[in-house]
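Chemist: Here you go, one structure.
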Amino acid sequence: MSAEPITVFLKLCAAAFYGVSSFFIVVVNKSVLTSHRFPSIIFVGLGQMLATVTLLWVGKACRVVKYPDLDYSMPRKVFPLPLLYLGNQMTGLLGTKKLNLPMFTVLRRFSILFTMIAEGILLNKSFTRSIQMTVFAMLLGAIIAASSDMAFDSLGYGYILTNDVLTAANGAYVKQKLESKELGKYGLLYYNALFMILPSLAIAYFTGDLQRAIDFEGWSNGMFVFQYLVSCIMGFVLMYSTVLCTQYNSALTTTIVGCVKNILVTYIGMFLGGDYIFTWTNFIGLNISIAGSLVYSYITFTEEQSTKTPSSNTETKGKIAV
């Protein structure tokens, strides 16, 4: 098998791995926070950070993974990713709790626009007209759906739009850090989580979130405990799959794969959680946004291969790595 098909295969596998991971963590988090009514967003995030640090520490001790040892220069090397990671995680969990899954997923489409802007600023990328038009279709569908959202929650909308901005910035910075090759993907994952554990614990303590989590009556429920543990492990899996997809593809491709994954979440979410209110305008808007996602995915996964020529090494305008 030639090197090029192997590369394409790895890119597709990385994208699929991220899509599946992103799908499962949204469903599990929705069940933990909404169905079981777990009161502490921060405690869920802490569990995911601890799982990430523990798994990677064990992996390094067993010589399965490698990443640089901690030194005084590490905060500078990894900054601002830990702050973006914490903000991204918390706003995502808060949005998951506040909104029904269909609206949560459709509002996540705005992360694509913000990612395009971030990649343009940080990585000097530009995009073809066809890509711009499909992104416009996705955003138009999201706006139509939001205009008829009978379960409108302004705070939830604010959380998700903030999450979109942080997702875009995080993706672009991850790509930038990976290209510098100082930390590698495991180093980024490990130190992102490590540097945010104590600040998150302090926030949980002073806001009373920690006590509410300890006092939660559901700890005696085996199904809740199982789903909470799955959420913690999936937090690590999602972080790893995000970095892997961004490494083999691009920050924008990672974002769009997440949005395509949301097709399943959108339809399943109409029945899961019990907080979706059907209206035709909302339903049509959701489907316009989904159609835009599908067309965009087709363009990004075919344009790269059809335009790959010997001269493409010097011509990057409008190309998306997939």
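The values are calculated or read from the model by the stated rules, or taken from the named source; none is laboratory data. Just so it is clear, the model here is predicted, and its values are computed rather than measured. Every residue, glycine among them, receives a Cβ derived from its backbone with ideal geometry; neighbour counts consider all protein chains shown. Heavy atoms of the whole protein, side chains included, go into the accessibility calculation; ligands, DNA and RNA do not. Shrake-Rupley method; radii C 1.70, N 1.55, O 1.52, S 1.80 Å.
Chemist: Near the amide H of Phe127, under 5 Å away, which other amide H atoms are found, from residues 5 or more places off or on another chain, if H is placed in the peptide plane?
Modeler: Gly318
Chemist: Okay, next question. When the accessible area of region 160-256 is computed with all protein chains present and a 1.4 Å probe, what percentage of it is carbon and sulfur? Could you put the intermediate results ahead of the total?
Modeler: Working: 2760 of 4170 Å².
Heavy-atom surface of region 160-256 belonging to carbon and sulfur, 1.4 Å probe: 66 percent.
Chemist: Which number do you get for Rg(Cα) / (2.2 N^0.38 Å) in region 63-217?
Modeler: Numbers: Rg = 18.3 Å, N = 155, 2.2 N^0.38 = 15.0 Å.
Relative to the rule-of-thumb radius for its length, region 63-217 sits at 1.22.
Chemist: For Cys245, what charge total do you get from the other residues with a beta carbon under 13 Å from its beta carbon, if Lys and Arg give +1 and Asp and Glu give -1? Intermediate values should be presented prior to the final figure.
Modeler: Working: positive: Lys11, Lys175, Lys185, Lys261; negative: none.
Once positives and negatives cancel, what remains is +4.
Chemist: Please list, in order along region 185-202, the HN-Hα scalar couplings obtained from phi with the Karplus expression 6.51 cos²θ - 1.76 cosθ + 1.60 (θ = phi - 60°), rounded to whole Hz, x for Gly and Pro.
Modeler: Rounded to whole hertz, the list is 5, 6, x, 4, 4, 5, 6, 4, 6, 4, 6, 9, 5, 5, x, 5, 5, 5.
Chemist: Net charge near Phe43: determine it from the other residues with C-beta under 10 Å of the C-beta of Phe43, scoring Lys and Arg +1 and Asp and Glu -1. All intermediate terms of the calculation are to be shown ahead of the outcome.
Modeler: Numbers: positive: Arg212; negative: Asp209.
Local charge sum for Phe43: 0.
Chemist: Related question: Compute the distance from the alpha-carbon center of region 100-165 to that of region 182-224, in whole Å.
Modeler: 28 Å
Chemist: At 1.4 Å probe radius, can you tell me the per residue accessible area of region 77-223 in Å²? Walk me through the intermediate numbers first.
Modeler: Details: 6450 Å² over 147 residues.
Per residue, region 77-223 has an accessible area of 44 Å².
Chemist: Hey, what do the phi angles of region 78-85 turn into as Karplus ³J(HN,Hα) couplings, whole Hz, using 6.51/-1.76/1.60 and θ = phi - 60°, x for Gly and Pro?
Modeler: 8, 4, x, 4, x, 5, 5, 4
Chemist: Within the set Lys30/Lys261; Lys30/Lys98; Lys125/Lys177; Lys66/Lys261, which residue pairs have Cα atoms separated by over 19 Å? Could you put the intermediate results ahead of the total?
Modeler: Details: Lys30/Lys261 16 Å; Lys30/Lys98 10 Å; Lys125/Lys177 16 Å; Lys66/Lys261 30 Å.
From the list (Lys30/Lys261; Lys30/Lys98; Lys125/Lys177; Lys66/Lys261), the Cα-Cα distance tops 19 Å for Lys66/Lys261.
Chemist: Under the 0.36 nm per residue contour assumption, what length would be gained going from the current alpha-carbon distance of Asp153 and Val20 to full extension? Write out the running numbers ahead of the final one.
Modeler: Values: separation 133, 0.36 × 133 = 47.88 nm, distance 2.76 nm.
Difference between extended and current length: 45.1 nm.
Chemist: Moving to a separate point now. So, in nm, how far is label Cys62 from label Met223 when the simple model puts each one 7 Å beyond its Cα toward the Cβ?
Modeler: Result: 3.2 nm between the two label points.
Chemist: Are there trypsin sites (Lys or Arg not before Pro) in region 127-199 that DSSP puts in a loop and that have at most 10 other Cβ atoms within 10 Å, and which ones? Could you put the intermediate results ahead of the total?
Modeler: On the way: sites: Arg129, Lys175, Lys177, Lys181, Lys185; in loops: Lys181.
Answer in residue order: Lys181.
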